[in-house]
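Asks: Here you go, one structure.
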Amino acid sequence: MAAQIQAALRYEGAEAGSSFAGDVIAGLTARPKRLSPKYFYDETGAQLFEAITALPEYYLTRCELEILRERAPDIARFFPADSALVEFGSGSSKKVRMLLAAAPTIAAYVPVDISSQMLIQEAEELRRDHPRLAVLPVVADFTQPFSLPAAAAGMPHTGFFPGSTIGNFEPHDAAAFLRHAGRMLGPGATLLIGIDLVKDASILNAAYDDAAGVTAKFNLNLLARINRGLDADFDLDAFCHQAFYNSERARIEMHLASRKRQRVRVCGRVIDFRAGETIHTENSYKYTAASFKALARGSGWVPVAAWPDPQGYFLVQALARGDD
Ligand code: AVI
């Protein structure tokens, strides 16, 4: 286990050392300014995201958990006996536990996440609770090709990508991910994916701009992370959180807006902001059942079943690999 932790830390150290600085400078010198949402998730960011999932306005997690709780026996019918369940971006194991409870014939669980700490801790707890299940964590950026553990090689694979995380990908990246997942999971694979649905803008806006200001803190933490990691001097009080639904592009946009004209130093570079100028930090795309099916079909998958929550806010969609 110690070796696994060390390998994971080496991986994270290399990530922070190389691409973080380059991506931040490239994003802040681009027009319009932007930062990748993947950098939200340092330790503080991951804790703030957990807090977001419990907010009254953030319906996504509650709706998906309700679907998994109520429909797990139907969903479990899509898992072949003695198969491996591969979760992309696993984080906490709350959702997969519902599937494992309904499908005791799953032989292996392969959580894939870039954050080694959570991965290893959750894996230990799952091994304790499911002694017959092979828990085979993989520390990797799941958007890039990675190898599945040899111990799961001969098993049929089911992918699990909950949380509407696919909504944080640009549509062409979402299509690329679906293709890459199909190649990784192999012939005969099924993919179970959580999708946030298009709905009234007032519900969407509230979910990303909550009254308690937790999402604002989550967004501003990106600047705090840059201050800490890249020797920068962002004044967090001089920026404010903005989130709004862009109905033409069916996406929530999150920005950090400069409250005044100002100059910020990052990694020895000087970045100028106009008053009101924003850094675009995240898109969260929303789909209709039909628009997601079209995306999946165009990316090598066949929609085989879908389970919405009773309000029709969220959808768990099952896909089968198309060319098998
Ligand atoms: C992780 N992801 C699905 C969240 C979302 O809803 O797009 C991230 C998030 N951003 C603000 N609130 C939650």
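Asks: Would region 52-190 count as rounded, prolate or oblate if I go by the C-alpha gyration tensor, calling it rounded below 1.5 in a/c and otherwise prolate when a/b exceeds b/c, oblate otherwise?
Replies: Rounded, because the longest to shortest axis ratio a/c is under 1.5.
Asks: Continuing with this model, one more query. Taking only protein heavy atoms and a 1.4 Å probe, what accessible area per residue, in Å², does region 191-324 have with all protein chains in place?
Replies: 43
Asks: If r is the Cβ-Cβ distance from residue 260 to residue 92 and R0 is 35 Å, what FRET efficiency results, to the nearest 0.05? Working shown, then result.
Replies: Values: r = 39 Å, r/R0 = 1.11.
That pair, residue 260 with residue 92, gives E of 0.35.
Asks: Here is a follow-up. Go from 0 up to the bin containing the longest alpha carbon distance in region 52-126, width 5 Å each, and give me the % of pairs per bin.
Replies: 3, 15, 23, 22, 21, 12, 3, 1
Asks: Additional query: Projecting each Cα onto the charge dipole of the chain (Lys/Arg +1, Asp/Glu -1 at the beta carbon, about the Cα centre), which of 138, 65, 167 comes out farthest on the positive side?
Replies: Farthest towards the positive pole: 167.
Asks: Starting from the Cα of residue 201, step 7 Å toward the Cβ, then list every residue of region 227-263 with an amide N under 15 Å from that point.
Replies: 243-254
Asks: Ignoring trypsin sites (Lys or Arg not before Pro) that are buried or in helix or strand per DSSP, and keeping those with at most 16 other beta carbon atoms within 10 Å, what is the longest stretch of the chain between them?
Replies: Of all site-free stretches, the longest is 133-248.
Asks: Right, next: How would you classify the chain from its alpha-carbon gyration tensor, with a ≥ b ≥ c the square roots of the eigenvalues: rounded for a/c under 1.5, else prolate if a/b is greater than b/c, otherwise oblate?
Replies: Details: a/c = 1.92, a/b = 1.45, b/c = 1.33.
It is prolate, given that a/c is not under 1.5 and a/b is the larger ratio.
Asks: Normalised by the residues of region 171-324, what does the relative contact order come to in percent, with Cα pairs under 8 Å and at least six apart?
Replies: Relative contact order of region 171-324: 30 percent.
Asks: Let me have the relative contact order for the chain, percent, based on Cα pairs under 8 Å that are six or more residues apart.
Replies: Relative contact order, the chain: 19 percent.
Asks: Next question, about the same structure. Going down the table (33/95; 217/260; 94/286; 217/293), which pairs top 31 Å between alpha carbons?
Replies: Checking Cα-Cα distances, 33/95; 217/293 exceed 31 Å.
Asks: Turning to a different aspect of this structure: Taking the Cα centre as origin and putting +1 on Lys and Arg beta-carbons and -1 on Asp and Glu beta-carbons, what dipole magnitude results for the chain, to the nearest 20 debye?
Replies: 480
Asks: Moving on. Angle, helix 2-15 long axis vs. longest principal axis of the chain, Cα atoms, 0 to 90°, nearest 10?
Replies: 40
Asks: Relative contact order of region 155-259, please, whole-number percent, based on alpha carbon pairs below 8 angstrom and at least 6 residues apart.
Replies: 23
Asks: DSSP beta bridges in the chain, what fraction antiparallel, as a percent rounded to 5?
Replies: Of those bridges, close to 65 percent are antiparallel.
The values are calculated or read from the model by the stated rules, or taken from the named source; none is laboratory data. The shown structure was predicted, so the numbers you read here are calculated from the model rather than taken from an experiment. Please note: Cβ atoms are built from the backbone with ideal geometry, for glycine as well, and neighbour counts cover all protein chains shown. Each accessible area value is taken on the protein alone, full model and side chains, heavy atoms only, with ligands, DNA and RNA left out. Shrake-Rupley method; radii C 1.70, N 1.55, O 1.52, S 1.80 Å.
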